[in-house]
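All remarks here apply to the structure that follows.
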Amino acid sequence: MKTRAALLVVAAAAALTVTGCAAGQPAPTVTTTTTVTSAPTAPATSTATGTPTPTATSGGQVDPNAPAGQCADSALAVAVTPAAGGGAAGSVFFTVDFTNTGASACNLRGAPGVSIVGDGNGTQLGSPAKQTDQTVATVTLQPGQTVSAPLQQTNIDAGGGPLAGDCTVVPGDGYRVYPPHSFTAFFVASAGILACSNTVDWMNVGPVAAP
């Protein structure tokens, strides 16, 4: 009887130990691929929703509308730079640049998703950039080549600029960019960037095009 009781005590202690380990394990975390590039020289914001990627870098999600030979997220570097000419008539212009960092040619087609994020934690600020209705074509990037999508935004200031009364201005941390047909978000830091935190449309983004 003493031996049986001792075995029961040992079994109970082992069960408690296993339960305690399981309860003490940290919750799984979800990571997102991000690329930080140099910020544009002038403050601006851009947002847009992303589309699926045919690569397996986004939990296996595949966009059937992606072009054959879609650039893998891991083979892209992303930047946002001021466009030649700067701005006019209350607008400022930028380009969203995609560089093929891989060893072979790949394709992109369509407009990227672009938005401004802030609060130090990637919170989207306001509406994403509206995708313009322009002709879309598949663009091939050779290794090391860069293609760009045009980004236009209202030239807001602390008071909202041309959108005063409709735009609640807040500071952001940078851009969140989804390559065309991709679920992977790339972060492009931009210190001092401003954004409209409400739902007013103040940015537009077009499809990628060959240089």
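To make sure I understand, if each residue's beta carbon is the centre and we count other beta carbons within 10 Å, what order do Leu125, Leu151 fall in, fewest to most?
Leu125, Leu151
Exposure proxy check: Cys71, Cys196 ranked by fewest other beta carbons within 10 Å?
Cys196, Cys71
Sort out for me the Cα centre separation of the stretch 134-211 from the stretch 74-115, rounded to whole Å.
Using only Cα atoms to place each centre, the spacing works out to 9 Å.
Report the label-to-label distance for Asn121 and Thr138 in nanometres (one decimal), using points 7 Å from each Cα along the Cα→Cβ vector.
4.2
Lys and Arg at +1, Asp and Glu at -1: add these up for the other residues within a Cβ distance under 15 Å of Val147 and post the number.
Cβ neighbours under 15 Å give a net charge of 0.
Could you tell me which of rounded, prolate or oblate describes the stretch 89-211, using a ≥ b ≥ c as the square roots of the eigenvalues of the alpha-carbon gyration tensor, with rounded for a/c under 1.5 and, failing that, prolate when a/b is larger than b/c and oblate otherwise? Walk me through the numbers before you get to the answer.
Details: a/c = 2.45, a/b = 1.77, b/c = 1.38.
Because a/c hits 1.5 or more and a/b exceeds b/c, the stretch 89-211 counts as prolate.
Read-outs: derived from the displayed coordinates by stated rules, not from any lab. Being a predicted model, the structure only gives us computed values, none of them experimental. Cβ: placed from backbone, ideal geometry, glycine included. Neighbour counts: every protein chain shown.
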